Each structure stands twice: as structure tokens, then as C-alpha cells.
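Right, one structure below, let's go through it.
The values are calculated or read from the model by the stated rules, or taken from the named source; none is laboratory data. Keep in mind that this is a model prediction, so the values were computed, not measured. Ideal geometry is used to build each Cβ from the backbone, glycine not excepted, and the neighbour counts take in all protein chains shown. SASA here: full protein model, heavy atoms, side chains in, ligands and nucleic acids out. Shrake-Rupley method; radii C 1.70, N 1.55, O 1.52, S 1.80 Å.
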Amino acid sequence: GGGDGDGDEDGDELGCGSDPLDAEEQCFDCGWVRSDPGDLESTGSREGDVVANLSFIDQCGEQVQLWDFAEETTPLDDSRVVRTLKSEAVGFADQSRTFTAETGIDFSFLTVIFQNSSGTPPSGQDAADYAADIENPDFPVLADPSEQVVEATEYDGTTLPGTCILSPRMELLHCDLGEVDEDLFDIIRAHAAESE
């Protein structure tokens, strides 16, 4: 059994980034890895700023923090997080696999929903339904019931979808309206080249 009494095996906890000595921290039900480096500080909501550590509800109904999806960058694994705000996300997994295969740059999508289909604040169930609609992707679909994402980025929420790119250190590299397109991948490529 685990040393902190939370029911998770210590080996499993280390694998998912949870602290085996902290009973408050457990592995996420959906299997996300906790990768908050612990030294981030939010600096604002404009390009170049470190985004706030927002709280969301994922498609497993569990509360998650945005910084849990940060990734430590090493020259070998220059990871990016691309976050999309409610868009037709079915093709994302294919796009990301193709891009990673071509460039060796690893990144992941996060989809944030700040309204449900009736225009009211979304619940964890709405996140689960959305994930089911886009064929249950292997990336997080996050409900944002208080529209924090609109406050925390330059995206104002009036045009759907909107897309923001976050660096591994949770810096807002770019926010844009519309679908994920080649320009966004170019920004990821350029940032990876700068970071080498």
C-alpha cells in the first residue's frame, strides 16, 4: 500500500507526478501527469506573461489546476501545450501526431469549455459529454464554469473558437481567433528553436 494513506500505490503516484508523502495529492482519475514545476509565478494575461493557475473540472469530473499541465523543458524534450477554447477538436490528435513526427517537438492540447450548449456555465458532465462528442480524446477537456479563461488571456470570448499557445513554462506565446492552423504550428516551431 501507499505510504501516505490515500490508497494509491507509491510507485503509481511517482509515475503520475503525485507526491507519495502528501495524502492530499493523488493520481488523477483521467491519468493526467501532475507536472507543475512548483516555481511558476503568474505575471498577467498578455502575450509573454505567465498565465494564472486556473482551476477547471476535467471530463472525469475531477478538479485540476492549469499548471498541472506545465512541462519541464529539457533540450531533448521541448514540450509545448496548445490550449484550444471550444472548437471541433476531432482532428487534433491526428494533427499533433503528424506535427510531432515531422518536427520531434512534443506538445499536447487542452480544450476549455466556458459555456455549455445552452449558453450557461458548464459542469463536469458537460466536459464529459463534449469529450464523448469528439470521440474521447487522450487530452483534457476542461469545464470552466466561471469563464476564468477569458479573464486570464487576451482572448475575449466573443468569437468561437479561440486558441492560445502556452509554453512549457505557462507563458502565453500567442492568442488567436479561429481554428488551430499552420500559423500556430509555426509559432510552436519558432519557440522551440529559440529555446534550444
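Just to verify a result, which residue in the range 32-52, among those that are polar (S, T, N, Q) and modelled with pLDDT of 95 or more, is least open to solvent (accessible area, probe 1.4 Å)? Walk me through it before giving the result.
Within the range 32-52, the first condition is being polar (S, T, N, Q), and the residues that meet it are 35, 42-43, 45.
If we keep only those that are modelled with pLDDT of 95 or more as well, we get 42-43.
On the way: 42: 56, 43: 90 Å².
Looking at residues that are polar (S, T, N, Q) and modelled with pLDDT of 95 or more, I get 42.
With (1) assigned to a helix (DSSP H, G or I); (2) at pLDDT below 90 as the list, and residue 67 as the residue in question, which single condition is left unmet?
Looking at each condition in turn, residue 67 falls short on (2).
Suppose we filter 114, 139 for residues that are of a type in the set (Phe, Trp, Tyr) and closer than 23 Å to residue 46 by Cα; which single one remains?
114 is the lone residue from the list that is of a type in the set (Phe, Trp, Tyr) and closer than 23 Å to residue 46 by Cα.
Of everything in the range 96-121 that's over 23 Å from residue 34 (Cα atoms) and in contact (Cβ under 8 Å) with a residue 60 or more places away in the chain, which residue is nearest to the chain's Cα centre (by Cα)?
At the first step, the residues of the range 96-121 found to be over 23 Å from residue 34 (Cα atoms) are 98-99, 101-103, 115-121.
Cutting the leftovers down to in contact (Cβ under 8 Å) with a residue 60 or more places away in the chain gives us 99, 103.
Working: 99: 18, 103: 21 Å.
Out of the qualifying residues, it is 99.
Just give me the residues in the range 53-74 being over 19 Å from residue 29 (Cβ atoms), open to solvent by 30 Å² or more (accessible area, probe 1.4 Å) and touching a Leu at 6+ places or on another chain (Cβ under 8 Å), in sequence order.
Scanning the range 53-74 gives a single hit, 53.
Residue 29 passes all but one of (1) more than 20 Å from residue 153 (Cα to Cα); (2) open to solvent by 40 Å² or more (accessible area, probe 1.4 Å); (3) in contact with a strand residue (DSSP E or B) (Cβ under 7 Å, 6 or more places away or on another chain); which number fails?
Unmet condition: (3).
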